[in-house]
2 protein chains.
Amino acid sequence: MDTVGLRQRKKQRTREALIEAAVALFCANGYDATTVDQIAEAVEVSPRTFFRYFTSKQDIALSLADEQITAMLTAFEAQPAGLPVLTAMRQAVVEVVRAAAASAPHGRMRDLVSGSPALTAARFERGSARLDEVARLVGARMGVDQATDPRPRLMAAVALCAVPTAVDAWRSAGRDEPDADLVEQAFDLLAAGLDYPAAEISEPR
Amino acid sequence: MDTVGLRQRKKQRTREALIEAAVALFCANGYDATTVDQIAEAVEVSPRTFFRYFTSKQDIALSLADEQITAMLTAFEAQPAGLPVLTAMRQAVVEVVRAAAASAPHGRMRDLVSGSPALTAARFERGSARLDEVARLVGARMGVDQATDPRPRLMAAVALCAVPTAVDAWRSAGRDEPDADLVEQAFDLLAAGLDYPAAEISEPR
DNA sequence: CGTCATTCTGTCAGTCAATGACAAGTGTCG
DNA sequence: CGACACTTGTCATTGACTGACAGAATGACG
């Protein structure tokens, strides 16, 4: 096989160089102001080649986010078997977020993604695309069939969509705590249930 | 004032004609295969004018989704004051989804949106954009300050992101029930809490 | 009614993302 | 080395979107 062929190594290096250049340019000039041509030029490949490595400009911006979902899946599987599912999910997400906070490129990209509506939207697209994968693991851990039981998919939707959205919303509302803490809090609230009572006292008129 | 000026009425008519033409073309040929030029031509305006009414092609596709969020907010406010917040939210969403199911253009657009990843992502963008609005109403109903209490925003994120995502996932997994029923189920599950236990019996090896 | 300012629209030119087709270069393997 | 597959660059094209400018429609007012 060609596991370590020169050709493969070259491709891998090009791919990494493209990501590195893209992240640098995005951080320096912003996502929208960075053109594919600039990224390609920084790595000295043709713009056409860029699109042979990444299907779109969004694609490269979200390659890191993609890795995070994969990492989250791995972490989720690694959780002790007896753990309640939501707890296992929380641990997995927190682990990944902690690791990302310590990594410079991930940290910079997080701000970029939450700063650009287009990227925020694209991140959801990624999440939705991998929702089945997450649901499958959740179902396995619960010992139910994710094809017939709706709960695994619902939990996947919550983990992939509601939690990041809530964290983003909290951040933009001025909460400066580390992401991991906000994630913990989101899961705590979800575990406690959302069935809040209405205000008891009728407002003064 | 110019509340009913000829100019205003004309603009309104153009806007509606554009939406109508866009929906028709999207349904006939699909979202991606429909060009802005085609939409503009169908209404006999210049393509440039299209972008003076809608900021993007996605924008016009989601104008209906936008109306639904607004309708949901109205319905939420109209719920009886004593209702638990999650129940009120569920009623509001169900009402809107029911109404949409009865409306031909909304129904067709729903399939279009869930069929196109780009539109699904864009719908989230819309949702996130209005998350604060929703959170404010939720906070008001709970009698808490949405600036300091994280729960309203979390619930808004769940209602705007997790529920639609779960419903989409269920549909694509083959569940054919009416959307309203799926929404009810999602909220029921959320009200019951997500803290599912792990499977008790270790799998055979 | 005529004039002027405002607002809306069309035309034009241009940028950028993305894709198909073809040719030329580079790695792989017998 | 030489046939072959894979990768890349060049070229051309489409489609979304924007800025600038000119001209037409509209509304306000004397």
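The values are calculated or read from the model by the stated rules, or taken from the named source; none is laboratory data. Since the model is a prediction, treat every value here as computed from it, not as a measurement. All Cβ positions, glycine included, derive from the backbone under ideal geometry; neighbour counts span all protein chains shown.
Among the residues of the stretch A:99-115, is there at least one that is closer than 23 Å to B:Val134 by Cβ and within 8 Å of another protein chain (Cβ to nearest Cβ)? No, that holds for no residue. Residues in the stretch A:21-39 that are surrounded by 14 or more Cβ atoms within 10 Å (Cβ to Cβ) and closer than 17 Å to A:Leu62 by Cα: A:Ala21, A:Ala22, A:Val23, A:Ala24, A:Leu25, A:Phe26, A:Cys27, A:Tyr31, A:Thr34, A:Val36, A:Ile39. When the residues of the stretch A:52-64 are narrowed to those that are under 24 Å from A:Val96 (Cβ atoms) and assigned to a helix (DSSP H, G or I), which ends up nearest to DNA strand D (Cβ to nearest atom)? Result: A:Gln58. Evaluate the stretch A:55-64: report whether one residue or more is within 16 Å of DNA strand C (Cβ to nearest atom), crowded, with 16+ Cβ neighbours inside 10 Å and away from every other protein chain (no Cβ under 14 Å). Taking every residue of the stretch A:55-64 in turn, at least one turns out to be within 16 Å of DNA strand C (Cβ to nearest atom), crowded, with 16+ Cβ neighbours inside 10 Å and away from every other protein chain (no Cβ under 14 Å).
Scan the stretch A:66-86 for residues that are surrounded by 18 or more Cβ atoms within 10 Å (Cβ to Cβ) and either within 13 Å of another protein chain (Cβ to nearest Cβ) or within 16 Å of DNA strand C (Cβ to nearest atom) (or both) and jot them down. First the steps, then the outcome.
As a first pass, look at the stretch A:66-86 and keep what is surrounded by 18 or more Cβ atoms within 10 Å (Cβ to Cβ): A:68-69, A:72, A:75-76, A:79, A:85-86.
The answer is A:Phe76, A:Gln79, A:Val85, A:Leu86.
Within the set B:Ala159, B:Ala129, B:Ala169, the sole residue that is closer than 30 Å to A:Ala147 by Cα and without any contact (Cβ under 8 Å) to a residue 60 or more places away in the chain turns out to be B:Ala169. Taking the numbered list (1) modelled with pLDDT of 95 or more; (2) surrounded by fewer than 24 Cβ atoms within 10 Å (Cβ to Cβ); (3) under 17 Å from the mean Cα position of the chain (by Cα) in turn, B:Asp179 passes all entries but (1). Just give me the residues in the stretch A:95-114 being over 12 Å from the mean Cα position of the chain (by Cα) and touching a residue at least 40 places away in the same chain (Cβ under 8 Å), in sequence order. Within the stretch A:95-114, A:Arg98, A:Ala101, A:Pro105, A:Arg108, A:Leu112 meet the criteria.
Residue count for the stretch A:136-153 satisfying the condition of being free of Cβ contacts under 8 Å to residues at least 60 places away in the same chain, at the interface with another protein chain (Cβ under 7 Å from one of its Cβ atoms) and under 17 Å from B:Ala198 (Cα atoms): 5.
One residue alone among B:Thr49, B:Thr34 is without any contact (Cβ under 8 Å) to a residue 60 or more places away in the chain, within 10 Å of DNA strand D (Cβ to nearest atom) and not in a helix (DSSP H, G or I), and that residue is B:Thr34.
Give the residues of the stretch A:178-187 that are under 23 Å from B:Arg130 (Cα atoms) and within 12 Å of chain B (Cβ to nearest Cβ), sorted by residue number. Write out each step before concluding.
Pass one, the stretch A:178-187, residues under 23 Å from B:Arg130 (Cα atoms): A:179, A:182-183, A:185-187.
Those that are under 23 Å from B:Arg130 (Cα atoms) and within 12 Å of chain B (Cβ to nearest Cβ): A:Leu182, A:Val183, A:Gln185, A:Ala186, A:Phe187.
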